[in-house]
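Read through the structure below, which is laid out as structure tokens, and then see the notes.
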Amino acid sequence: MMRSLFAAFLLAAPAPVLAQSAPAPLPQVPVVIRTLQAAALEDHLAWKITEDLTTEVGPRLAGTAAEARARDWAVARLRSLGFSNVRIESFPITSWTRGAESVEIVGPYPQRFVIAALGNSASTGPEGITGEVVGFDSEQELETAPEEAVRGKIVFVSHAMSRTQDGSGYGFFGGPRRQGPSVASRKGALAIVIRSIGTDYHRNPHAGVQKFADGVKPIPAGALSIPDAEQLQRILVRAAANGGKPVTMHLTLVSQTQPAQSGNVIAEVPGRDPSLPPVLVGGHLDSWDLGTGAIDDAAGLAITTAAAHRIKSAGRPLRTIRIVWFGSEEIGLFGGLDYQKKYGGQPHHAIAESDFGAGRIWKVDSKLGKGRESEARMLQSALAPLGIVPGSLEAADGSDIGPLIAAGVPAVGLSQDGTHYFDLHHTPDDTLDKIDKEDLRQNVAAWTTMLAVLAGPIEPEPKRGKQR
Ligand SMILES: [Zn+2]
């Protein structure tokens, strides 16, 4: 105890700070940006967009009639907000939709669980399938298991994801969903059920996409709610202890795939100099089907659009602001890929996406490239009053914009607090009531600030003549 206290004291000692030279002071922020930021903290538009979209359209699964309705809704709303060049850019996808789903333990301790099929799951058909369950604590354990342990069985895979502010557990512990179904199928499994990739203890399964690797036969794949996954683990341990009785599961996951249309919705705030590359902001319009897609990602659309609207209302920025509401993000980033195909060859001044809920922004990263350090540092300085700490000048991320970032397009990352994001993510609990209005306003203020810095000086609209 004493030793660890002493170690903690040593760690807290000021030596590392003394060893560093003091960071250069951040640049002075223009009054016009500070004024826009302060006004954005009173924003009501982001809430209105989020409420209206989640109420009037609701769930918006990629490739469905609901996603098409969402696009029409988006066009009408973006036009009524006064944005320019509002349009839908369609692209074809293969849609996946769920039907009836249920799961029960047949023996030795019969009971029902809660499950949701994962995207691209094969269908069991309405009669379902029955098989013996074999359990693994991690995707790695499944990878190393001999084929004979898996063949003809229903595989269960767990993981140890826990909460983090930056959501990094999702990437690291997402293997059971992303690779698990392909690995299980290769080893001859009948089906796979996983512990939902999430951090809550509600009896809600977390949906999410998986893609069978090329040449791998699709099998039924579903996510159990976390309490049910832990219950199944207990059942497996007790059955083994009680004379090695097999645990038998009856699983029904009905689903359907078909050719469908999706699309991106694009709108702009035209810049004073149309020859300059635009600043792109946005989120994704599609959602999973279990909730109403409030935090994922109506909030992201609403935050970025409300911010762009504030710039537009203040006048004309130097550079065009392009708002993109991407389609079909959840099932494979298809909207982002379509945008990249159409516009990836054109320069962008910067790109940024809000797709991590509606929690407060706590950090700004950017990767604007060589010669733009002063712009990046202005961004850090301008965001600091919102409680946002400067992050890396060599990093940025985003889902739909990921392929563009990977291709070297300059980007900004405004990191939201994701401590509770994976309690709700892809569950029936992703609904409007989970959004904190004050946090949402802080997001709008941050995005407004970012646009005010990156889109260049805003000049008042010239007064229109009476006749033209
Ligand atoms: Zn999302």
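Miscellaneous remarks
- Formal net charge of residues neighbouring ALA445 (Cβ-Cβ distance under 12 Å; K, R +1; D, E -1): 0
- Per-pair calculated FRET efficiency, R0 = 45 Å: ALA241 and ARG34 via Cβ, rounded to 0.05: 0.10
- Local electrostatic count, ASP397, Cβ distance below 13 Å [Lys/Arg +1, Asp/Glu -1]: -4
- At 1.002 mPa s and 20 °C, Stokes diffusion of the stretch 418-458 via Kirkwood alpha-carbon radius, µm² per second: 175
- Anisotropy class of the stretch 102-141 from Cα gyration tensor, a/c 1.5 cut: oblate
- The value given for the stretch 172-229 is a Kirkwood hydrodynamic radius of 11.7 Å, derived from the mean inverse Cα-Cα separation.
- Peptide packing for 297-309, 441-453, 239-251 was compared via the average number of neighbouring C-beta atoms within 10 Å per residue; ordered from the highest value, the list is 297-309, 441-453, 239-251.
- Under Stokes-Einstein, with the Kirkwood radius over Cα pairs as Rh, the value for the stretch 243-376 at 37 °C and 0.692 mPa s is 188 µm²/s.
- Listed by chain and number, the aspartates and glutamates placed with their C-alpha closer than 13 angstrom to that of LYS153 are GLU132; residues fewer than eight positions away on the same chain are left out.
- Only lysines eight or more places from LYS341 in sequence, or on another chain, were considered; those with a Cα closer than 24 Å are LYS211, LYS367.
- Gap separating the Cα centres of the stretch 354-386 and the stretch 146-163, nearest whole Å: 40
- Placing R0 at 60 angstrom, the Cβ-Cβ distance between ASP214 and GLU459 gives a FRET efficiency of 0.70 after rounding to 0.05.
- Using only side-chain charges placed at the Cβ, +1 for Lys and Arg and -1 for Asp and Glu, the dipole size of the stretch 109-155 relative to its Cα centre rounds to 280 debye.
- Computed packing ranks the peptides 357-365, 265-273, 218-226 as 218-226, 357-365, 265-273, most packed first, by mean other Cβ atoms within 10 Å.
- Projecting label points 7 angstrom from Cα along Cα→Cβ for GLU51 and SER162 puts them 3.9 nm apart.
- Residue among GLY128, TRP325, ILE192 farthest towards the positive dipole end of the chain, charges placed on Cβ: TRP325
- Rounded to the nearest 20 debye, the dipole magnitude of the stretch 70-110 is 360 debye, with +1 charges on Lys and Arg beta carbons, -1 on Asp and Glu beta carbons, and the Cα centre as origin.
- Positive minus negative residues near ALA239 (Lys, Arg vs Asp, Glu; Cβ under 13 Å): +2
- Proximal lysines to LYS312, defined as alpha-carbon separation beneath 22 angstrom and excluding residues fewer than eight positions away on the same chain: LYS48, LYS463, LYS466
- Dividing the convex hull volume of the alpha carbon atoms of the stretch 333-468 by its residue count gives 185 Å³ per residue.
- Its DSSP H runs of at least 4 residues, each contributing -39,500 (n - 2.57), put the calculated 222 nm mean residue ellipticity of the chain at -10000 deg cm²/dmol, to the nearest 500.
- Residue-span extension gain [LEU26 to GLU143] - 0.36 nm each, minus C-alpha spacing: 37.2 nm
- Dipole magnitude of the chain, debye to nearest 20 (Cβ charges: Lys/Arg +1, Asp/Glu -1, about Cα centre): 1080
- Alpha-carbon spread of the stretch 62-204, three principal axes, descending order, Å: 61, 40, 29
- Its Cα gyration tensor gives the chain an equivalent ellipsoid. The semi-axes, each the square root of 5 times an eigenvalue, are 43, 28, 18 Å from largest down.
- Cα lying deepest toward the dipole's positive end in the chain, options VAL29, HIS206, GLY263, charges on Cβ: VAL29
- Computed label-point distance, nm, for sites GLN233 and ALA76 using a 7 Å Cα→Cβ extension: 4.8
Every read-out reported here was derived from the displayed coordinates using simple, explicitly stated rules and does not represent laboratory data. Note that the structure is a prediction, hence the values are computed from the model and not measured. In this analysis, Cβ positions are derived from the backbone assuming ideal geometry, glycine residues included, and neighbour counts consider all displayed protein chains.
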